[in-house]
Amino acid sequence: MPPLGYLPLGERPLRRVPQLLIGLALYGFSLALLVRASLGVNPWSVLYDGLTRHTPLSFGTVSALVGVLALLGWIPLRQRPTFGTFANIAVLALSSDLGLLVLPPCRGLVARGALLAAGIAVNALAIAVYVGARLGPGPRDGLMTGTAAVTGRSIRSVRTLIELTVLAAGWLLGGRAGVGTVLYALAVGPAAQLLLPRFAYRGAAEPADPAQAPPPAPAQAGRGRRRDVTGTGGR
């Protein structure tokens, strides 16, 4: 995998900011596709869907408010938001609501299955595009990586715990979980990983070919190794 850590906004912003915004817009639209398929959405969207059933707020507005609440959780974790973090909140809210506005409710299992497949594919592409811009994690991913750093637990275990909690809360509120939720969980990660090398921005000081990177310095005796916990953009 190419480097995916945060790079300052000042490095080639005309190249990276449009990529970030396009990726986030695609991500929000992919959520609308999954909602209209009515076969199950990703765990966070199950929560948004459940909350819309108990409030007069739109799907996008709920996603923005949940993003702000997740951002408040960064404070005790000593995480610092970036431009990408705030863009994540705003663009996802607008693009998901716009997608739901232009996409009518879908009837028929075949058509819904096609929407589900399209939603998963567009979501994976969107992740590769906006994460590849390397402008910082979204509020939900920052909460995950910050918790992992503070607790010393793996990213995998923290992410699983958070998403299972979110999924359970959304389901109890009436959010639509289903076969699409399972397919999303199984397919989107491998697909995004396959696409990431095509969109990941390489910093000016980073070699174009990872094989050209200098070998790591040998560990010195008596020094412990620091845990490397990195976050990528998003939900």
(request) Go through (1) among the basic types (Lys, Arg); (2) open to solvent by 40 Å² or more (accessible area, probe 1.4 Å); (3) at pLDDT 90 or above and name the single condition residue 153 misses. (result) (3)
(request) Please specify each residue of the stretch 165-186 satisfying the condition of being within 24 Å of residue 125 (Cα to Cα) and open to solvent by 40 Å² or more (accessible area, probe 1.4 Å). (result) 167, 176, 177, 179, 182, 183, 185, 186
(request) Test residue 142 against the criterion of being under 16 Å from the mean Cα position of the chain (by Cα), in a loop (DSSP other than H, G, I, E, B), buried (at least 19 other Cβ atoms within 10 Å of the Cβ) and at pLDDT 80 or above, and give yes or no. (result) no
(message) Looking only at the stretch 69-113, count every residue that is open to solvent by 60 Å² or more (accessible area, probe 1.4 Å) and hydrophobic (A, V, I, L, M, F, W, C) and tell me the total.
(response) 11
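Any residue in the stretch 119-138 that is within 17 Å of residue 66 (Cα to Cα), crowded, with 20+ Cβ neighbours inside 10 Å and in contact (Cβ under 8 Å) with a residue 60 or more places away in the chain?
Step one: filter the stretch 119-138 for residues within 17 Å of residue 66 (Cα to Cα), giving 137-138.
Retained after the next criterion (residues that are crowded, with 20+ Cβ neighbours inside 10 Å): 137-138.
Retained after the next criterion (residues that are in contact (Cβ under 8 Å) with a residue 60 or more places away in the chain): 137-138.
Within the stretch 119-138 (the criterion being within 17 Å of residue 66 (Cα to Cα), crowded, with 20+ Cβ neighbours inside 10 Å and in contact (Cβ under 8 Å) with a residue 60 or more places away in the chain), the answer is yes, since at least one residue qualifies.
Kindly establish whether residue 198 is assigned to a helix (DSSP H, G or I), free of Cβ contacts under 8 Å to residues at least 40 places away in the same chain, under 27 Å from residue 9 (Cβ atoms) and open to solvent by 40 Å² or more (accessible area, probe 1.4 Å). Working first, answer last.
Working: assigned to a helix (DSSP H, G or I): yes; free of Cβ contacts under 8 Å to residues at least 40 places away in the same chain: no; under 27 Å from residue 9 (Cβ atoms): yes; open to solvent by 40 Å² or more (accessible area, probe 1.4 Å): yes.
In short, no.
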(request) Return the pairs, sorted by first residue and then second, in which the second residue is open to solvent by 40 Å² or more (accessible area, probe 1.4 Å) and in a helix (DSSP H, G or I), the first residue lies in the stretch 103-118 and is under 12 Å from residue 34 (Cβ atoms), the beta carbons are less than 6 Å apart, and the residues are 6+ apart or on different chains. (result) 103/36; 106/36; 106/112; 115/36
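Modelled with pLDDT of 90 or more, of a type in the set (S, T, N, Q), surrounded by 11 or more Cβ atoms within 10 Å (Cβ to Cβ) and touching a helix residue (DSSP H, G or I) at 6+ places or on another chain (Cβ under 8 Å): is that true of residue 230 in this structure? Give the derivation first.
On the way: modelled with pLDDT of 90 or more: no; of a type in the set (S, T, N, Q): yes; surrounded by 11 or more Cβ atoms within 10 Å (Cβ to Cβ): yes; touching a helix residue (DSSP H, G or I) at 6+ places or on another chain (Cβ under 8 Å): yes.
So residue 230 does not fit the description; no.
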(request) Filter the stretch 70-99 for residues that are farther than 23 Å from residue 13 by Cβ, modelled with pLDDT of 95 or more and more than 15 Å from the chain's Cα centre (by Cα) and give the result. (result) 97, 98, 99
(request) Would you tally the residues in the stretch 4-58 being in a loop (DSSP other than H, G, I, E, B), within 16 Å of residue 106 (Cβ to Cβ) and either open to solvent by 10 Å² or more (accessible area, probe 1.4 Å) or among the β-branched types (Val, Ile, Thr) (or both)? (result) 3
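The values are calculated or read from the model by the stated rules, or taken from the named source; none is laboratory data. As the structure is a computational prediction, the values presented were derived from the model and not from experiment. Cβ coordinates were reconstructed from backbone atoms using ideal geometry, including for glycine residues, and neighbour counts include every protein chain displayed. Side chains are part of the model used for accessible areas, which takes the heavy atoms of the whole protein and leaves out ligands, DNA and RNA. Shrake-Rupley method; radii C 1.70, N 1.55, O 1.52, S 1.80 Å.
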